[in-house]
């Protein structure tokens, strides 16, 4: 088996300086949410470990995950694809086609058995024996099953592969299913989103390359480093939610003030993703910042959990700032009631004590 050069060896061959390499490792560590002290560990991994062979399969999907992936800035996708990993098969961006392309699958499967990473974009339809998605002359579900057998792990890119998404929405005529319902004997890393954030995708790959292990996953199989918090937890509109300040209609005065979009159907409080922290387009913005509520695209069955723009009216929140006068009045009333109750109880106690200490009546016939 031919030796696969390391990431550092490849960069040096391309004329990249040691200083630029060190800077890249620091940026990679930062993108993974790691402390600066771990940057040397990233550098050591890049210097010593061979690049991981990666096979990227496409089932039923719209290619939005690939479109997102190629826009990663930290790290740049060219560094991931050309240097950090060995992307040996991706029928969307590879130069080879037809039998030549399909031969790459078998070659990698044979030479790197148990060592390659299988990335899956889209999902397999199993209706009518899988005939709704044919790749290389056979059903995609068969290709997925065969290539997963010898992979070290499977990465489900996007909500299509992770949950089923649009293709699996009711009534689901093709019987499309998520990847984990087909692949049951291998670790499956779910990276949901429609599409996932570019840096989240490259971050997952960077972590596997750096630490030679899979990232820690939550109970649903998602990397905790990107899916452990709700969008709502770090949303810059969160103070308005806590204050009871909501947009009541699109483009009203409250919308211009940047108030919370929860009443307009925003799913931020129930959606786990890194949108409000990592953001999109090199950290420029995310939907809520652009004035559009979150539709929960990284959650299971989000497509069937609509409508997306249903206005919510009955919301119980604290609302201290939004209703300062009202809350002050309520507090005043509460204090008044409390004082009155205390006075009544105190009077009753005093009356009881007075009765208790009163001299008992003289018995009839007794002396004065």
Exactly one of 209, 191, 183, 205 is in contact with a helix residue (DSSP H, G or I) (Cβ under 9 Å, 6 or more places away or on another chain) and more than 24 Å from residue 280 (Cβ to Cβ), and that residue is 183
Looking across the range 136-173 at residues that are over 23 Å from the mean Cα position of the chain (by Cα) and surrounded by 19 or more Cβ atoms within 10 Å (Cβ to Cβ), the single one that is farthest from residue 215 (Cα to Cα) is 139
Of those in the range 104-115 that are in contact with a strand residue (DSSP E or B) (Cβ under 8 Å, 6 or more places away or on another chain) and outside any helix (DSSP H, G or I), the residue nearest to residue 183 (Cα to Cα) is 114
Heads up, the helices (runs of 4 or more DSSP H) in the range 221-285 (entirely inside) with at least 3 residues that are outside the structural domain of residue 180 (by TED's automatic domain parsing) and farther than 30 Å from residue 188 by Cβ are 238-242, 253-256
Does the range 40-63 include one or more residues that are under 27 Å from residue 277 (Cα atoms), at pLDDT below 85 and in a loop (DSSP other than H, G, I, E, B)?
-> no
The condition of being at positive phi, over 27 Å from the mean Cα position of the chain (by Cα), surrounded by 14 or more Cβ atoms within 10 Å (Cβ to Cβ) and modelled with pLDDT of 90 or more holds, among 130, 122, 114, only for 130
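The rows are residues; the columns are (1) at pLDDT 95 or above; (2) under 29 Å from residue 268 (Cβ atoms); (3) in the same structural domain as residue 58 (by TED's automatic domain parsing).
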| residue | (1), (2), (3) |
| --- | --- |
| 135 | no, no, yes |
| 159 | yes, yes, yes |
| 162 | yes, yes, yes |
| 198 | no, yes, yes |
| 209 | no, no, yes |
| 214 | no, yes, yes |
- prompt: Can you spot a residue in the range 239-260 that is surrounded by fewer than 21 Cβ atoms within 10 Å (Cβ to Cβ) and under 21 Å from residue 159 (Cβ atoms)?
  reply: no
Scanning the range 258-283 for residues that are more than 16 Å from residue 234 (Cβ to Cβ) and modelled with pLDDT under 95 gives 263, 264, 265, 281, 282
Among residues of the range 13-35 being outside any loop (DSSP other than H, G, I, E, B) and at pLDDT below 75, the residue surrounded by the most Cβ atoms within 10 Å (Cβ to Cβ) is 28
Residue set 291, 268; condition in contact (Cβ under 8 Å) with a residue 24 or more places away in the chain and surrounded by fewer than 17 Cβ atoms within 10 Å (Cβ to Cβ); output residue 291
More than 24 Å from residue 212 (Cα to Cα) and touching a residue at least 12 places away in the same chain (Cβ under 8 Å): does that describe residue 100?
no
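The values are calculated or read from the model by the stated rules, or taken from the named source; none is laboratory data. For clarity, every value in this text was computed on a predicted model and none was experimentally measured. Quick reminder, even Gly has a Cβ in these numbers, built from the backbone with ideal geometry, and neighbours come from all protein chains shown.
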